[in-house]
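Readers should treat all values here as calculations from the given coordinates under stated rules, not as data from a laboratory. Predicted model only: the values in this text are computed from it and were never measured. Reconstructed Cβ throughout: ideal geometry from the backbone, glycine too, with neighbour counts over all protein chains shown.
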Amino acid sequence: MSEGDGAASFTEFAEALGVELEPGQRAFCRVAFDGVQVADLEGEDRDRAVAIFGDLPRMEPEAWAFVLGVVAIVAGGRSGKTYLCSLRLLHLALTVDLEGKLAPGEEAFCAIVAPKLELAEQSLRYVAGACRAHDALRDLIVSDTKSGLVLRRDDGQLVAIRPFAAAAGGVGGRGKSLVAVFLDETCFFRDANSGVVNDQAIFDAASVRVIEGGQTLVSSTPWLGKGLLFLLWKRNHGHPIDALSAHAATRLMRSKAHILAIVARAENRDPRNAAIEFGAEWGSASVETFFTDAELDAFFDGSAPPLGRSPQVGESVSFGGDLGFVRNSSTLAGVHQLEDGRVLLAHLEEHQPPAGGRLKPSVVCKAFAAAIAGQGGLGMVADQHERASLDEHLSAAGLSVYPAPSASDALIALRAGIREGLVKAPAPADDGADLLGRLRQQMVDTKQRRTLGDKVTAVLPEGLDGSHGDLLVAVAQAVWGLGRWGGAEVRAAKKAPGLDDIEARKAALRKPPQKEHWLNRRLGR
């Protein structure tokens, strides 16, 4: 049975399955899956289709059928693209005309390819779930396992739908006749062994094996403006040449209130990332500003208490540092987490090496130990650089060194807290010449670079004096330490610590936070 033989269109198929297509999804499916030309639609369906595909002129039937062979889908998160493409795979498996297109005894084949096997298996679960839930489709199931679904169509032909992880060789079973191929989240394809981006290789290997009447679906939330999907979109959007290109923000595809609320929260929390994740805008591989002006204004709050604040009973303190003794400064930052969850920058110090000289590790480390112990801290977050010097002088005061994350992870934690409106620092002096002014400038000068694989890497500023954002790193590590270690809770004053108190402090360092921390919630831990 083929789509040209009176088979149900995709939208009719979805309705039979009980799937409610929202208006934007329906307009998308009528064009991309049912093959209705944009020029032939009317009313709101046409308006939505023009917004998704462009105002396409009517094409000759043969040319239109050719471009429908590959559908490039750039769509925002939560737009329903994976679910719809999964159901389209099932629809094609049941309706593409296989007469004379398979060798005797050959099994037709549909492939789902995703960056990781678990993601491809999720798409397979959508397909299998639709079959199990429908009486007529359930009767077609020959095999239903985690590794694939095999159906026997009404015409007796077998068709298998199987999941794959993106791999260097493309889709497994290269000699198979493919009814359809679904490449999901192609912007994040990368070979697990070599790390090489392999979207084009997989597309090349699979798309040429799709039989007449089938489709290759190339879909993803956008990331960087490069790679297979970007090139298909750039070459075809608004003027199809060798593919039909759809480009839709989440708001265009979805209309349900809870989805729109998710998008609104993301836009309020992180406008730049939301523009990519939900606005379907292509990201830039160039270096971008890490902290926005709005984030800097929110962080440096004129109502925040000045540096030197003493922690109160019931609050938690956390310290982070960045050590350098020759060209770089040694810096220490301390933050106080109030009982209402707010985090205040309370301590900031910097030791700069003299011209042509170097700092004495013992002097710097003793100063850090005195500052930390003076506020009831248990230790500081620091990287492995000069760890031996820190261990020696901090352990003598009953303090410990917490291993630091990467600078990018620490900065992301700091930015998360600022975006939540929880992390605050006092405003710098008007001339910006104080430590807070230097901190602000380092934040202004810090950049970020987006990389393939959904990663953001921080690029710290490097001054002529060799400094590299030392104050900023210390602050970020102090904030990160709250989420990772929980900080040290300030208790009522008591006598100077003896040996038992020092051992108790060390034992406390090994215990994870007992209460859920705002930073863990924000980062999804």
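Size of the dipole of the range 3-277 about the Cα centre, Lys and Arg at +1 and Asp and Glu at -1 on the beta carbon, nothing else charged, in debye to 20?
1140 debye
Given the chain, what whole percent of its Cα pairs are spread farther than 32 Å?
Result: 54 percent of Cα pairs exceed 32 Å.
Over the range 3-277, how many pairs of lysines fall under 27 Å by alpha carbon, counting only those 8 or more apart in sequence or from different chains?
13
Against the longest principal axis of the chain, how steep is helix 81-95, in degrees 0 to 90 to the nearest 10, with axes from Cα atoms?
For 81-95 against the chain, the angle is about 20 degrees.
Out of the DSSP beta bridges found with both residues in the chain, what percent are antiparallel (nearest 5)?
45 percent
Going highest first, how would you order 82-90, 96-104 by mean Cβ packing within 10 Å?
82-90, 96-104
To test your reading of the geometry: what angle, between 0 and 90 degrees and rounded to tens, separates the Cα axis of helix 117-133 from the longest principal axis of the chain?
50 degrees
Which GluC sites (Glu not before Pro) from the range 324-369 combine a DSSP loop assignment with at most 12 other Cβ atoms within 10 Å?
Sparse-neighbourhood loop GluC sites (Glu not before Pro): 339.
Using a simple spin-label model with points 7 Å from Cα along the Cα→Cβ vector, what separation in nm is obtained for residue 288 and residue 63?
Going from the residue 288 label point to the residue 63 one covers 3.7 nm.
What 222 nm value per residue comes from the helices of the chain, counting each DSSP H run with n ≥ 4 as -39,500 (n - 2.57) and dividing by all residues, nearest 500 deg cm²/dmol?
Per the formula, -11000 deg cm²/dmol.
Report the charge-dipole magnitude of the chain in Debye, nearest 20, computed about the Cα centre from +1 at each Lys and Arg Cβ and -1 at each Asp and Glu Cβ.
1640 debye
Expressed in nm to one decimal, what extension gain is obtained for the pair residue 205 and residue 152 from 0.36 nm per residue of sequence separation less their Cα-Cα distance?
Gain on extension, residue 205 to residue 152, equals 16.5 nm.
Computed on alpha carbon atoms, what radius of gyration and Dmax characterise the range 320-413, expressed in Å?
13.5, 47
Compute the long axis of helix 361-374 from its Cα atoms, compare it with the longest principal axis of the Cα atoms of the chain, and write down the angle in degrees, 0 to 90, nearest 10.
The angle comes out near 90 degrees.
Quick one: net charge around residue 282, please, counting Lys, Arg +1 and Asp, Glu -1 for every other residue with C-beta under 11 Å from its C-beta.
Combined, the nearby Lys, Arg, Asp and Glu give +2.
Please list 484-491, 207-214 highest first by mean number of surrounding beta-carbon atoms within 10 Å per residue.
484-491, 207-214
So for the chain, taking the charge dipole from beta-carbon charges (+1 Lys/Arg, -1 Asp/Glu), which of 100, 38, 380 sits furthest toward the positive end?
380
Taking a ≥ b ≥ c as the square roots of the eigenvalues of the Cα gyration tensor of the range 3-277, is the shape rounded (a/c under 1.5), prolate (a/b larger than b/c) or oblate?
In terms of gyration-tensor shape, rounded.
Please compute the length gained on full extension between residue 492 and residue 260, using 0.36 nm multiplied by the number of residues separating them and subtracting their Cα-Cα distance.
Working it through step by step, the gained length comes to 78.8 nm.
Once the Cβ-Cβ distance between residue 370 and residue 234 is put in as r, and R0 is 51 Å, what FRET efficiency do you end up with, to the nearest 0.05?
The pair residue 370/residue 234 has a calculated efficiency of 0.30.
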